[in-house]
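Quick note: the coordinates plus some simple rules give every number you see, no bench work behind them. What you see is a predicted model, and the numbers here were worked out from it, not measured in a lab. Cβ placement follows ideal geometry from the backbone for every residue including glycine, while neighbour counts extend to all protein chains displayed.
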Amino acid sequence: MSSPTLPPGLAIQKADERIMTLNVGPQHPGSGHMRIIVQIDGDYIVACDPDPGYVNRGEEKMAEYRNYVLNVPHLERPVIHDSCNILYPYVLASEELLGLEIPERAKYIRVIASELNRCVYTQYWLAIYGIFLGHSTMFMWPAGDRELLIDLLEKMTGARVTHSYFIPGGIRNDLPANFEDVCLRQVNYFEKRIKEYADVFYDNPILISRTEKTGILTRENAIKLGTTGSVLRASGVDYDVRKKEPYDVYDELDFETNVLKTGDSYARSRIPWLDMMESCRIIRDALQKMPKSGSVRVKLKPNPKGELGSVYKRIESGRGALGCYIVSDKKTEPYRVKLSVPSFRNLIALPHLLIGEKLGNMPSVYWSLNYWPVEADR
Amino acid sequence: MSSDSKVEPAEKSEDPKTSTETKNPPPKPSPPKPAPKSEPELPAFEKSIADRIVEKFGDKTSISSIKTDRVGIKVERDKIHEVAEFARDVLKFDHADSVAGVDYPQDKEIEVVYHLSSYTEPSLSRQILELATRAQREEDPIPGQDATRLPSLRDIFYSVEFHEREVFEMLGVYFEGHPDNRRLLLPEDWADLPPLRKDFRNKGR
């Protein structure tokens, strides 16, 4: 596309009398900076070119200068309200490199923290989805109910959103006294609350008419494009890393994955909501099966060194499979850290969904991808 | 702490020795070497995948690591396209989870690692196939116009499209046959070294 006289990255485009090019973004639409260049013919989108990168922080480069423990607080920054899940694969991978065996209680607490965080993330996402569709009740309710779980996480970790709770070797601190009872009560109430969303949002004919049969991603395309998480499962592929490749104690817990077959925006917006109910189920099950006492982390040597080699670990985050690839050269810092984030993997689907859609449907299709710009840019 | 400081000098004394020895012969692929520690208990299914690839492509490929659910294969750059085609058509891997570029200035090479996975084949749902290949590395890179090139796998695995664009801008590896070799995350006017190369240093570090 770029002509040889231009530096790579720049391209010249001819103006057209019929087709209009629109820049959507990169203002902050509630979710981080991201630009979508769309070409419209009348009301219909004929071409779409997503342009991420406005919030690229160089997390992967920064990780090459810090040791395995110091990397924890900054690597969670790309998605602060899903911070436990974005740290999870990094922590699992560095544990394999450092040769650490994790206490059983820490594994359960990690699963609980990760599921609470998934709900916190999904609530935030749902609140913004409400805003995108002009449904302000759906902004207020999730933003308010999210506080229930944020309070729980604050009790566990000491911070509202940037927890830095998972560290190589386990978790930073044990649960506070009486946490199990409080957690069970809050989670039960939370589940009761999110079931009420059906009345106001998911069974709402206005939402259904705006999202049904828009932005359809077929099963074949979902697989070909390598999408993940709710986007993949809304297109009828039953793939959840928690089920397919269980990490920590997910193989001992009782839950199901949610799959819908239509592959439209409505299905993509419904899957995260159904997942939250499964999360509540997982948390209750984990609270019951968790060892009631015991250590929660193994003691690290000062400045531990990773063994020679590379590790790729993946987990299921609030948006989909999140992988972390660490190459170690026997130093205290990792040689290379690569985060393969679900937002970046799902971004490739955006042009496929938008072409042929009406411009007015763009916000609902874009946000149904469960996309988080800051995470995609890292 | 004491055990740490014991390891350090041994490593330091070894490093210059190997570097002087390997000045003239072709450089050894040093950092990610296979760890033949768990030789007797290699997982059977993972080994069978690796063996099928090595059997088909002979000495153009080599096994770098076999762990539970993970198979690592090193491929020569002129065979990567065929190996990927074999992985898709015969082994039934259907998408790429991640594409990572790793810079090895001491070998004058840049490694690109494809992590392939499968949604459709139930027996592969836990597996990740790591295909690693290496491109020549230039001291003064002109991204897109120097010898740092690899064949693109976009025509085999559609899902690598954005990943390869990211590797291109972050490490300067040009993918031949990629339909859209533009920048993705970096600003259009970025005129410095590709930032994930080791000789690009963060300020103050």
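Just a few scattered comments:
- Ratio Rg/Rh [Cα only; Rh per Kirkwood] for the protein assembly as shown: 0.96
- The H on the amide N of B:D97, modeled in the peptide plane, is under 5 Å from the matching H of B:H115, B:L116, B:S117, each at least 5 residues off or on a different chain.
- Debye, to nearest 20: dipole size of the protein assembly as shown, +1 on Lys, Arg Cβ, -1 on Asp, Glu Cβ: 960
- Neighbour-count order for A:F201, B:F93, fewest beta carbons within 10 angstrom listed first: A:F201, B:F93
- Backbone HN-Hα couplings from phi across the range A:53-60 [Karplus 6.51/-1.76/1.60, Hz, Gly and Pro as x]: x, 6, 10, 6, 10, x, 4, 5
- Counts of other chain beta carbons within 10 angstrom of each beta carbon in peptide B:91-103 average 5.
- A:T262/B:D180 FRET efficiency (R0 22 Å; Cβ-Cβ; nearest 0.05): 0.15
- Segment A:N178-A:T137, length gained on full extension (0.36 nm per residue, minus Cα span): 11.4 nm
- Unit charges at the beta carbon, dipole of chain A: most positive-side option, A:P26, A:L253, A:I80: A:I80
- Per-residue extension of 0.36 nm, minus the Cα-Cα distance of B:D78 and B:L193, leaves a gain of 38.8 nm for this segment.
- The range A:63-112 - charge dipole about Cα centre, Lys and Arg +1 at Cβ, Asp and Glu -1, debye rounded to 20: 160
- Neighbouring partner chain Cβ atoms per residue of B:69-81, average, 10 Å criterion: 1
- Burial ordering of A:L274, A:L353, A:L133, fewest other beta-carbon atoms within 10 Å first: A:L274, A:L133, A:L353
- Under 14 Å from A:K331, Cα to Cα: aspartates and glutamates that are on another chain or at least 8 residues apart: A:E64, A:E307, B:D4, B:E8, B:E11, B:D15
- The mean of 1/r over all distinct Cα pairs in the range A:222-378, once inverted, gives the Kirkwood hydrodynamic radius of 17.8 Å.
- Sum of side-chain charges, B:E130 neighbourhood, beta-carbon under 13 Å (Lys, Arg +1; Asp, Glu -1): +2
- Pairs exceeding 22 Å between alpha-carbon atoms, taken from A:K243/B:K92; A:K107/A:K313; A:K61/A:K244; A:K224/B:K74; B:K47/B:K74: A:K61/A:K244; A:K224/B:K74.
- Kirkwood hydrodynamic radius over Cα pairs of the range A:95-235, then Stokes diffusion coefficient at 37 °C and 0.692 mPa s, in µm²/s: 187
- Rounded to the nearest 500, the helix-only mean residue ellipticity at 222 nm of chain A stands at -13000 deg cm²/dmol, with each DSSP H run of n ≥ 4 adding -39,500 (n - 2.57).
- For B:S64, residues with placed amide H under 5 Å, excluding near neighbours: B:G72, B:I73, B:K74
- Distant-in-sequence amide contacts of A:R336, defined by a placed amide H-H separation under 5 Å and a gap of 5 or more residues or a different chain, comprise A:V327.
- Sorted by Cβ density within 10 Å, fewest first, the residues A:F190, A:F166: A:F190, A:F166
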